Amino acid sequence: MALKVVIGLEMHCELKTVSKVFSKSKNEYNDLPNSVVSPVDMAFPGTMPLLNKEAVKNSIKMAMCLNCAIPEILIFDRKNYFYPDLSKGYQITQNTSPIGVNGKIEVEVGDALIPITIHDIHLEEDTASLDHYFDYSLIDYNRAGVPLLEIVTDPCIYSPDAAVAFLEHLRNIYKYTGASDADTKKGQIRCDVNVSLMEEGSTTLGTKVEVKNVNSFSNVHAAILYEIDRQTRLIKAGRQDEIIQETRRWDDETSTTVRMREKVESVDYKYYIDPNIPKIKIEKEWLDEIKAEIPMLPLMRKKSYIDQYNLSNYDAGVIIKTKENSDYFEECLEIGINPKEAANWITSQIMGYLNKYNLEINEFYLTPKRLFEILEPLNKGKISSKQAKELFFKVLEDEEEPEVLIKKYNMEQLDNDDELTQIINKILENNKTQVEEYKDGKTNMFDYFVGQVMKETKGKANPVKVKEILLNRLI
Amino acid sequence: MIDTLKTKLKTGDELINESIIKAKNSNLNAFVTIINDAKVEDKDLVLSGIPYVAKDNFSTKGILSTASSNSLKDYIPFFDATAIKKLKETGAVNIGKTVMDELGMGETGTTGHTGAVKNPWDNERITGGSSAGSCAAVAAGIVPFALGSDTGGSIRKPSSYCGVVGYKPTYGMISRYGLFALASSFDHVGVITTSVKDAALVVDTIKGIDENDMTSWDSSNINLTSSLTANIKTKKLFYIKEICENNYSDTLDETTKTLELFNETLNKVRTLGFTVDEISIDKTLLNAIYPAYFTIASAEATSNMANLTGMIFGPRGKGKTAEEMMFDHRTNGFSPLIKRKFIIGSYVLRAENIDRYLFNSAKVRKIITDKISDLFKTYDGMILPASLSPAPKADDKLPVYLKTEQYLAIANFGGFPSITIPSGFVNNMPVGINITGNIKDDENLLNIAYNIENILGYKNQTTKGGK
């Protein structure tokens, strides 16, 4: 009996806005608890929600990128439940009419493009965060009301690799559109993973287990693998009735999933439309404006790099991996660097350096303009390729302009004819025996002379020029 | 009355002190808080030196705001409701917070955590609610105006019982920011005064779009005060036959008299040249108003008041875990009446019930709103008794009165502007009429009310004397 895994994902991502989704307090991370809060976030009596247009706009951008249908009327619902992190006793979310439904995108997994269908995208508010101590807990309302976009896929993903590829792709789209910084390190992304197993060829989905609040993509991968293993063992042992619809959580320390509670069918969230937020018509003109703001997305860019600039699939893939890399590359082209050359430098020297020092390209001292200042003298033959590489590191070490460093380290090639002729004359004078040997037919002595010149000039002589002059002088 | 007071205002805090003393000496149990140190801040503004009181469900910075509930018995807000803020900015001086039915959920004025409010015309009788203390304070002449809130008649009913003017403008004309929510889609901020003119004057100063309330709208082209004296030409009003004919089961003598008085009032109104027509509406539909109102209001209230957990404000409950503390707070913070509404609210919101109860109630709401809106294409307003009797005695069979009068909620269903003005006496107790107009047609409504008030002759009436 061959088993097949079926995965559905819910990805929550904090959106980038100036203020929170329903209040005027700042949407920014702050270490000091309860420092970015307003009466609205803490649900003081009489407070009312104030919808943030920017958050709606960012949500619409994402809905567009995922090819969702966008409703004509914007509606928000209340999800009613009591929990200490929920100040109002309800969360404002979208149930009646989410901001995007029935979306579809393709994601690269290895060499294949796989389709993923989106059930819905909805905009909601984040809750406060709780810190539990031995015999008390603390509540920090800084996060309460931060705009949160939840993207829910259909159960249409069939491997942990595809799940992670999809999440990475989404994170990339968030960054490309600027809808979110999508920084997992800052806890801006949280995933719920639904995993079930079914018999190969069957059309009935198996019992779904939900793993909640997984906070990194590698943990998503691990949690899926763990669930596949756990559920497979149970099925193989004839104990499939022990796979029940339930909510589990990923436990970092043991690298396992742990049962939280039996499933939600028993929880009724009593959704109803929030009467404090009027139904708002989404105007077509506004949608057009938003659409115009969406930049070319990663897969499109990749295709254009391959088609237009003849980049290899690999190089194009590395460059589009982040919007910052891709923007860097495009800036290089704008100031006149050859696309292939730019791609080579980015994928080898630059990526190598960034990875080694754990840097981001947008905080990189070597801007496209400085790269240009290294490549230009190289291409004009003023410095050798070896020198260009040296110069690359010097620029980063000294944080100085390439132009200045070429002078400072005396890197410019010696290609003045008179100077070179003088040096060569001197060397031939001092090596009369070798000159005779050469003239007698021992032509490999030519390289010896070139070597002598290079030694004399400490490698700075322009080798092409040196050869030219030598040939003339040795006739 | 405000005009008269303004000309009288010579020595700064004189009026304010007078009001504070009257409030302290009153025996109506109208106040949760009397603000002893209230003072005039600026003397050159529209309402400078005019004392007022606010229902205790308005957020008042630095002043206890309990909504007459144990769940908020120690809550001192740190921000002002928009209406309070605007009054402050125009110079009016808040001298007290008034008792109400707990959290606004009640029609009697007897369920506040500090006890029942007494009717100033007869202390044996109730004021009605939920804006009980606000109506009592104005009727007793303690202050010339009060802020109230109206979710299903909470301003307009007690105004009838107390013989004062109670006006709630079109939904969203006055910001609700800082008004403790009961049922957000029904809640209105409004005023209680002794004259239509004062009501217009106060609402003119507190209305307007507010960025903190998304349901508020720009009414800068509306000037209620100047609309009062506009030409009345031939206005057309209607009343609903089924509400005004005397065939209520358990009919009380006072109801009969109230309806007789209403008919006399209609005849007086006709002398203004107004047309007053009788309209018939299916009684089944009218009977659905109360359950539809009750269902929607309970559902919204349950959700709105889920913030009352004692975690952030209000007395902290006892318990080892947050859940236990919330449970304890909500067990001890509310009267059984409130808990009953929460249970009903939760019940009708459940996935398996929401269609049958909440959505059907929403349909009733829409059918009634559409019906009345349709009538407003022909008519300038709907005129009805503001109550079907004078204020009952505290020991009377209250539910009999109250259920039948839920037609005042029609104005909350549709967000229509609606005003109660006194129209006479039954057994020495005041009663009023209620006029409701079309959405955003407040100028027309107040123009009509002002002219009717003029011929009825109960302007500036308080228990201390009229005019």
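The values are calculated or read from the model by the stated rules, or taken from the named source; none is laboratory data. Predicted model only: the values in this text are computed from it and were never measured. Ideal geometry is used to build each Cβ from the backbone, glycine not excepted, and the neighbour counts take in all protein chains shown. We work out accessible area using only protein heavy atoms, side chains counted, and drop any ligands, DNA or RNA first. Shrake-Rupley method; radii C 1.70, N 1.55, O 1.52, S 1.80 Å.
Filter the range B:213-250 down to the residues that are among the acidic types (Asp, Glu) and at negative phi, then identify the one that is modelled with the lowest pLDDT. Explain how you work it out, then say what you get.
Here is the first cut: in the range B:213-250, the residues among the acidic types (Asp, Glu) are B:213, B:218, B:242, B:245, B:250.
Next cut, at negative phi only: B:213, B:218, B:242, B:245.
Numbers: B:Asp213: 98, B:Asp218: 98, B:Glu242: 91, B:Glu245: 86.
Selected residue: B:Glu245.
If we only count strands (runs of 3 or more DSSP E) wholly inside the range A:1-110, which ones have 2 or more residues that are open to solvent by 10 Å² or more (accessible area, probe 1.4 Å), in contact (Cβ under 8 Å) with a residue 60 or more places away in the chain and closer than 29 Å to B:Ala181 by Cβ? Before the answer, list the steps.
Values: elements: A:3-14, A:77-80, A:90-93, A:100-109.
In the range A:1-110, the matching strands (runs of 3 or more DSSP E) lie at A:3-14, A:77-80.
Going through the range A:334-378 one residue at a time, which ones are aromatic (Phe, Trp, Tyr) and either in contact (Cβ under 8 Å) with a residue 12 or more places away in the chain or within 15 Å of A:Lys389 (Cβ to Cβ) (or both)? Can you show your working first?
Just the residues of the range A:334-378 that are aromatic (Phe, Trp, Tyr), to begin with: A:345, A:353, A:357, A:364-365, A:372.
Those that are aromatic (Phe, Trp, Tyr) and either in contact (Cβ under 8 Å) with a residue 12 or more places away in the chain or within 15 Å of A:Lys389 (Cβ to Cβ) (or both): A:Trp345, A:Tyr353, A:Phe364, A:Tyr365, A:Phe372.
Taking the range A:135-183 as the search range and keeping residues that are of a type outside the set (D, E, K, R) and open to solvent by 40 Å² or more (accessible area, probe 1.4 Å), which one is nearest to A:Leu9 (Cα to Cα)? First the steps, then the outcome.
Here is the first cut: in the range A:135-183, the ones of a type outside the set (D, E, K, R) are A:136-139, A:141-142, A:144-149, A:151-153, A:155-160, A:162-167, A:169-170, A:172-174, A:176-180, A:182.
After this cut, where a residue has to be open to solvent by 40 Å² or more (accessible area, probe 1.4 Å) as well, the list is A:136-139, A:155, A:158.
On the way: A:Tyr136: 33, A:Ser137: 30, A:Leu138: 30, A:Ile139: 28, A:Pro155: 8, A:Tyr158: 11 Å.
Once the filter is applied, the top-ranked residue is A:Pro155.
Give the residue that is surrounded by the most Cβ atoms within 10 Å (Cβ to Cβ), with candidates limited to residues of the range A:226-276 that are of a type in the set (Asp, Glu) and in a strand (DSSP E or B).
In the first step, residues of the range A:226-276 are kept if they are of a type in the set (Asp, Glu); the result is A:227, A:229, A:241-242, A:246, A:251-253, A:262, A:265, A:268, A:274.
Now drop any that are not in a strand (DSSP E or B), which leaves A:246, A:251, A:262.
On the way: A:Glu246: 17, A:Asp251: 13, A:Glu262: 11.
By that ranking, first place goes to A:Glu246.
Looking only at the range B:73-92, which residues are more than 10 Å from every other protein chain (Cβ to nearest Cβ) and in a loop (DSSP other than H, G, I, E, B)?
B:Lys73, B:Asp74, B:Ile76, B:Thr90, B:Gly91, B:Ala92
Cβ-Cβ under 9 Å, sequence separation 6+ or interchain: first residue in the range A:129-140 and closer than 13 Å to A:Leu86 by Cβ and within 10 Å of another protein chain (Cβ to nearest Cβ), partner outside any strand (DSSP E or B) and aliphatic (A, V, I, L, M). Which pairs?
Filtered contacts from the range A:129-140: A:Leu130/B:Ala322; A:Ile139/A:Ala128; A:Ile139/B:Met311; A:Ile139/B:Ile312; A:Ile139/B:Ala322.
Is there a residue being hydrophobic (A, V, I, L, M, F, W, C) and in contact with a Leu (Cβ under 9 Å, 6 or more places away or on another chain) anywhere in the range B:107-124? Walk me through how you get there before you give the answer.
Applying the first criterion (hydrophobic (A, V, I, L, M, F, W, C)) to the range B:107-124 yields B:116-117, B:121.
Still in the running and in contact with a Leu (Cβ under 9 Å, 6 or more places away or on another chain): B:117.
Yes, some residue in the range B:107-124 is hydrophobic (A, V, I, L, M, F, W, C) and in contact with a Leu (Cβ under 9 Å, 6 or more places away or on another chain).
In the set B:Ala292, B:Ala299, which member is in a helix (DSSP H, G or I), over 26 Å from B:Phe78 (Cα atoms), more than 9 Å from chain A (Cβ to nearest Cβ) and open to solvent by less than 10 Å² (accessible area, probe 1.4 Å)?
Values: B:Ala299 fails: more than 9 Å from chain A (Cβ to nearest Cβ).
Going through B:Ala292, B:Ala299 in turn, just one is in a helix (DSSP H, G or I), over 26 Å from B:Phe78 (Cα atoms), more than 9 Å from chain A (Cβ to nearest Cβ) and open to solvent by less than 10 Å² (accessible area, probe 1.4 Å): B:Ala292.
Filter the range B:43-77 for residues that are over 22 Å from the mean Cα position of the chain (by Cα) and on the phi > 0 side of the Ramachandran plot and give the result.
Hits for the range B:43-77 are B:Gly49, B:Gly62.
Quick grid of which residues meet (1) open to solvent by 70 Å² or more (accessible area, probe 1.4 Å); (2) free of Cβ contacts under 8 Å to residues at least 60 places away in the same chain:
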{"site": "B:Lys318", "(1), (2)": "yes, yes"}
{"site": "B:Met326", "(1), (2)": "no, yes"}
{"site": "B:Asn332", "(1), (2)": "yes, no"}
{"site": "B:Ser335", "(1), (2)": "no, no"}
{"site": "B:Arg340", "(1), (2)": "yes, yes"}
{"site": "B:Gly345", "(1), (2)": "no, yes"}
{"site": "B:Leu358", "(1), (2)": "no, no"}
{"site": "B:Asp370", "(1), (2)": "yes, yes"}
{"site": "B:Leu375", "(1), (2)": "no, no"}
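Could you please tell me which pairs satisfy a Cβ distance under 8 Å, a separation of 6+ or placement on different chains, a first residue in the range A:172-199 that is without any contact (Cβ under 8 Å) to a residue 12 or more places away in the chain, and a second residue that is open to solvent by less than 10 Å² (accessible area, probe 1.4 Å) and not charged (D, E, K, R)?
Taking only residues 6 or more apart or on different chains, the pairs are A:Asp183/A:Ile189.
Provide a single number: the residues in the range A:384-409 that are more than 20 Å from A:Cys332 (Cα to Cα) and in a loop (DSSP other than H, G, I, E, B).
2
What are the residues in the range B:39-72 that are part of a loop (DSSP other than H, G, I, E, B), open to solvent by 10 Å² or more (accessible area, probe 1.4 Å) and away from every other protein chain (no Cβ under 13 Å), if any?
Across the range B:39-72, the qualifying residues are B:Lys39, B:Val40, B:Glu41, B:Asp42, B:Lys43, B:Asp44, B:Leu45, B:Val46, B:Gly62.
State whether the residues of the range B:331-344 include one that is within 12 Å of chain A (Cβ to nearest Cβ), modelled with pLDDT under 95 and not in a helix (DSSP H, G or I).
Applying the first criterion (within 12 Å of chain A (Cβ to nearest Cβ)) to the range B:331-344 yields B:342.
Pick out the ones that are also modelled with pLDDT under 95 and you get none.
Checking the range B:331-344: not a single residue is within 12 Å of chain A (Cβ to nearest Cβ), modelled with pLDDT under 95 and not in a helix (DSSP H, G or I).
Taking the stated definitions as given, is B:Ser130 in a loop (DSSP other than H, G, I, E, B) and either free of Cβ contacts under 8 Å to residues at least 24 places away in the same chain or more than 17 Å from B:Lys464 (Cβ to Cβ) (or both)?
Details: in a loop (DSSP other than H, G, I, E, B): yes; either free of Cβ contacts under 8 Å to residues at least 24 places away in the same chain or more than 17 Å from B:Lys464 (Cβ to Cβ) (or both): yes.
Against the criterion (in a loop (DSSP other than H, G, I, E, B) and either free of Cβ contacts under 8 Å to residues at least 24 places away in the same chain or more than 17 Å from B:Lys464 (Cβ to Cβ) (or both)), B:Ser130 qualifies.
Taking the range B:93-127, which residues are free of Cβ contacts under 8 Å to residues at least 60 places away in the same chain and open to solvent by less than 20 Å² (accessible area, probe 1.4 Å)?
Within the range B:93-127, B:Met100, B:Asp101, B:Gly109 meet the criteria.
Each row is one residue, and each column tells you yes or no for (1) modelled with pLDDT of 95 or more; (2) more than 30 Å from the chain's Cα centre (by Cα); (3) of a type in the set (Phe, Trp, Tyr).
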position: A:Ile7; (1), (2), (3): yes, no, no
position: A:Lys20; (1), (2), (3): yes, no, no
position: A:Ser23; (1), (2), (3): yes, no, no
position: A:Glu28; (1), (2), (3): no, no, no
position: A:Gly46; (1), (2), (3): yes, yes, no
position: A:Glu54; (1), (2), (3): yes, no, no
position: A:Lys88; (1), (2), (3): yes, yes, no
